[in-house]
1. Of (1) open to solvent by 20 Å² or more (accessible area, probe 1.4 Å); (2) within 20 Å of the chain's Cα centre (by Cα); (3) within 18 Å of HIS69 (Cα to Cα); (4) modelled with pLDDT of 95 or more, THR165 satisfies all except one. Which?
2. Which one is nearest to the chain's Cα centre (by Cα) among residues in the range 184-202 that are closer than 15 Å to ALA72 by Cβ and surrounded by fewer than 17 Cβ atoms within 10 Å (Cβ to Cβ)?
3. Just give me the residues in the range 126-153 being small (Gly, Ala, Ser) and more than 20 Å from the chain's Cα centre (by Cα), in sequence order.
4. Looking for whichever is crowded, with 17+ Cβ neighbours inside 10 Å and either in a loop (DSSP other than H, G, I, E, B) or touching a helix residue (DSSP H, G or I) at 6+ places or on another chain (Cβ under 8 Å) (or both) here; the options are LEU151, LEU172. Which one fits?
5. Out of the residues in the range 123-148 meeting the condition of being in a helix (DSSP H, G or I) and among the acidic types (Asp, Glu), tell me which one is surrounded by the most Cβ atoms within 10 Å (Cβ to Cβ).
6. Among the residues of the range 60-84, count how many are over 20 Å from MET142 (Cα atoms), in a helix (DSSP H, G or I) and touching a residue at least 12 places away in the same chain (Cβ under 8 Å).
7. May I ask you to verify whether SER120 is more than 21 Å from VAL175 (Cβ to Cβ), assigned to a loop (DSSP other than H, G, I, E, B), of a type in the set (Gly, Ala, Ser) and under 20 Å from the mean Cα position of the chain (by Cα)?
8. Does the range 85-117 hold any residues that are part of a helix (DSSP H, G or I), touching a Pro at 6+ places or on another chain (Cβ under 7 Å) and aromatic (Phe, Trp, Tyr), and which are they?
Amino acid sequence: MSTDVTSSGARTAPGEAAPSGSRFGYLGVALLLVGLLLGVAGGLVLPRLTQPGDDSVEAGFLRDMSTHHAQAVEMAMIAHAGSDTPQIVTLSADIATTQQAQIGYMQSWLRDWDLGPTGSDEPMAWMPDAEGSIVNGLMPGMATSEQMAALRKATGKDLDVQFLTLMRAHHLGGVHMAQEAVELSDEENVDWIAQSMVTAQQGEIQLIDSLLKQVQQS
């Protein structure tokens with residue numbers, strides 16, 4: 001008559017229950033497998049649960065700043081095409097290139113989070129106590145439609161002065177928004193790009209101030 005060999009070397013007859021130690025061994029393996037499966041599932045699910053949501057600071061900032069940047073790119077392209085001042089041509093190219101690239105980053109992150117490029121919230125809703133920052137429906141520093149129309153028609157020195165004046169205000173508004181995003185967000189990519197905006201635009205404001213003096217004195 002055949003017998004089975006337990007892990008301890010003892011033999012059991014057919015139909016005889018295995019020693020309790022074996023059962024505990026099988027249970028331990030089963031629990032280990034369940035734990036591994038849950039760990040894998042958790043690794044797949046948790047990142048989805050922790051990514052920014054539709055009404056998050058991060059989503060609101062990226063959406064609003066994409067719109068804000070789009071106007072800066074348009075202003076820069078107008079100046080790049082119409083200005084005869086080499087420093088302004090260079091500055092406007094830098095602004096257009098940098099901010100268009102940042103729009104690409106911001107929109108890509110929204111897609112990664114399965115969020116649309118625009119939301120249902122009002123502009124600046126992601127920033128506490130921001131009601132006073134919206135003027136005529138425009139975010140901080142943004143030019144009005146009348147100012148944009150005038151910029152498109154301007155030439156020569158008038159174009160340079162209008163562009164620099166509008167872009168300076170635009171940058172001040174953008175810096176304010178980006179600084180708030182750095183304070184409010186814990187998302188690594190958002191913090192990185194917002195701080196990059198603060199650093200770059202504060203430096204460009206200094207250059208704009210210098211160019212404005214040169215243009216106005218010429």
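The values are calculated or read from the model by the stated rules, or taken from the named source; none is laboratory data. Remember, predicted model here, so these are calculated numbers, not experimental data. With ideal geometry, Cβ positions are generated from the backbone for all residues, glycine too; neighbour counts draw on all protein chains shown. The protein model used for the area step is the full one, side chains on, heavy atoms only, and it has no ligands, DNA or RNA in it. Shrake-Rupley method; radii C 1.70, N 1.55, O 1.52, S 1.80 Å.
1. (2)
2. Once the filter is applied, the top-ranked residue is SER196.
3. Narrowing the range 126-153 to residues small (Gly, Ala, Ser): 130, 132-133, 137, 141, 143, 145, 149-150.
Answer for the range 126-153, where residues must be small (Gly, Ala, Ser) and more than 20 Å from the chain's Cα centre (by Cα): GLY132, SER133, GLY137, ALA143, SER145, ALA149, ALA150.
4. Values: LEU172 fails: crowded, with 17+ Cβ neighbours inside 10 Å.
The match here is LEU151.
5. As a first pass, look at the range 123-148 and keep what is in a helix (DSSP H, G or I): 131-133, 145-148.
Imposing the further condition that a residue be among the acidic types (Asp, Glu) reduces the set to 131, 146.
Working: GLU131: 10, GLU146: 8.
Per the criteria, the residue is GLU131.
6. Applying the first criterion (over 20 Å from MET142 (Cα atoms)) to the range 60-84 yields 81-84.
Filter once more, keeping what is in a helix (DSSP H, G or I): 81-82.
If we keep only those that are touching a residue at least 12 places away in the same chain (Cβ under 8 Å) too, we end up with 82.
Here the count works out to 1.
7. Values: more than 21 Å from VAL175 (Cβ to Cβ): yes; assigned to a loop (DSSP other than H, G, I, E, B): yes; of a type in the set (Gly, Ala, Ser): yes; under 20 Å from the mean Cα position of the chain (by Cα): yes.
Spelling it out, SER120 is indeed more than 21 Å from VAL175 (Cβ to Cβ), assigned to a loop (DSSP other than H, G, I, E, B), of a type in the set (Gly, Ala, Ser) and under 20 Å from the mean Cα position of the chain (by Cα).
8. To start, the set of residues in the range 85-117 that are part of a helix (DSSP H, G or I) comprises 86-112.
After this cut, where a residue has to be touching a Pro at 6+ places or on another chain (Cβ under 7 Å) as well, the list is 107, 110.
Correct list: empty.
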